[in-house]
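What follows is one structure encoded as structure tokens, with my remarks underneath.
The values are calculated or read from the model by the stated rules, or taken from the named source; none is laboratory data. What you are looking at is a predicted structure, and each value in this text was computed from that prediction instead of being measured. Note that each Cβ is placed from the backbone with ideal geometry, even for glycine, and that neighbours are counted across all protein chains shown.
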Amino acid sequence: MGRRTLEKNRELDPAVRSDYLARLMPLFVEKGMSAHSMDDIAQYLEISKATFYRHFRSRDELFALFIDNLVEKILSARFFLRNKNLAFEERYLLTFAAILNELGGIGFLLLSDLKHNLPDLWDRIRQTYAIWENELHDFFKEGIETGYVHPVHPGILAHMLILFLRELMTPEYLKSLKMTLAEAFLETFKIQIRSVVRSPGFSFDEIEQRMRTMFPELERLFQSFGALPSL
């Protein structure tokens, strides 16, 4: 089958591609990405290679779409940070919850594989830092002006958080913590909410229940980590 025939028969159905990417998440989390051949991936998805090539031009395209999809979902958490119809503290909490929801059980192996074997894709993840730093600067600035956040320099506060999150995304550091990325993010939130917000005005039990309603996938994480402690 020639290249023109393949291009003619290709089906770029977003729903099908998204389904395949979601189904591959456990495999990539457990064993990384770069070691898997096209045969491995097709077998895992229980499809033929011909079916695979109808939806993806190559393994490289699949990997790029997988990371782009993950980055897009993580950045979509900005919706909560910007939503001024919610209480300030709740916006912060739900932003972390949304990120946790997308990170799931990502751990050392996948991050290490990206860093050492797929550097271009690793860079795509790291490029989100500047975006989040700007978002957090504006958020903290608003919080300081409205009295929700301690009166400190918002740029330094945002930069400090991003520097820590960059370290958290370093495979070696994550391995030293013996945590998944989701577990480490949850611990980061607990530290942040205590040190940044002046006087949290919500019940953690209520917010926890709301997160479970909005993000059913978090139920497994809550069961694994235990309920958020009272402040």
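Applying the selection to the range 183-212, what residues are among the basic types (Lys, Arg), at pLDDT 65 or above and in a helix (DSSP H, G or I)?
190, 194
Taking the criterion of being more than 21 Å from residue 83 (Cβ to Cβ) and at pLDDT 85 or above, would at least one residue in the range 128-142 satisfy it?
Yes, there is a match, as at least one residue in the range 128-142 is more than 21 Å from residue 83 (Cβ to Cβ) and at pLDDT 85 or above.
Just checking: which of the helices (runs of 4 or more DSSP H) contained wholly in the range 47-133 hold 2 or more residues that are among the basic types (Lys, Arg)?
Working: elements: 49-55, 59-75, 78-82, 88-103, 108-117, 119-126.
The qualifying helices (runs of 4 or more DSSP H) are 49-55, 59-75, 78-82, 119-126.
Taking residue 117 and the conditions (1) at pLDDT 90 or above; (2) out of contact with any Gly (no Cβ under 8 Å at 6 or more places or on another chain); (3) exposed (fewer than 14 other Cβ atoms within 10 Å of the Cβ), which numbered condition does it fall short on, given that it satisfies the others?
Residue 117 satisfies every listed condition except (2).
Condition check: at pLDDT below 85 and either out of contact with any Ser or Thr (no Cβ under 8 Å at 6 or more places or on another chain) or over 16 Å from residue 128 (Cβ atoms) (or both). Does residue 89 satisfy that? Steps first, answer last, please.
Numbers: at pLDDT below 85: yes; either out of contact with any Ser or Thr (no Cβ under 8 Å at 6 or more places or on another chain) or over 16 Å from residue 128 (Cβ atoms) (or both): yes.
In short, yes.
If I filter the range 121-147 down to residues being among the charged types (D, E, K, R) and more than 18 Å from residue 197 (Cα to Cα), which single residue comes out as surrounded by the fewest Cβ atoms within 10 Å (Cβ to Cβ)?
Filtering the range 121-147 for residues that are among the charged types (D, E, K, R) and more than 18 Å from residue 197 (Cα to Cα), the one surrounded by the fewest Cβ atoms within 10 Å (Cβ to Cβ) comes out as 123.
Within 20 Å of residue 133 (Cβ to Cβ), assigned by TED's automatic domain parsing to the domain that holds residue 170 and modelled with pLDDT under 90: does that describe residue 109?
No, not satisfied.
Within the range 8-20, is there a residue that is crowded, with 19+ Cβ neighbours inside 10 Å and modelled with pLDDT of 85 or more?
First, pick out the residues of the range 8-20 that are crowded, with 19+ Cβ neighbours inside 10 Å: 20.
Next cut, modelled with pLDDT of 85 or more only: 20.
Yes, the range 8-20 has at least one match.
Please work out if residue 92 is outside the structural domain of residue 171 (by TED's automatic domain parsing), surrounded by 16 or more Cβ atoms within 10 Å (Cβ to Cβ) and among the hydroxyl-bearing types (Ser, Thr, Tyr).
Numbers: outside the structural domain of residue 171 (by TED's automatic domain parsing): no; surrounded by 16 or more Cβ atoms within 10 Å (Cβ to Cβ): yes; among the hydroxyl-bearing types (Ser, Thr, Tyr): yes.
Taking the combined requirement at face value, the residue does not satisfy it.
Which condition does residue 179 not pass, out of (1) surrounded by fewer than 17 Cβ atoms within 10 Å (Cβ to Cβ); (2) of a type in the set (A, V, I, L, M, F, W, C); (3) not in a helix (DSSP H, G or I), if it passes all the others?
(1)
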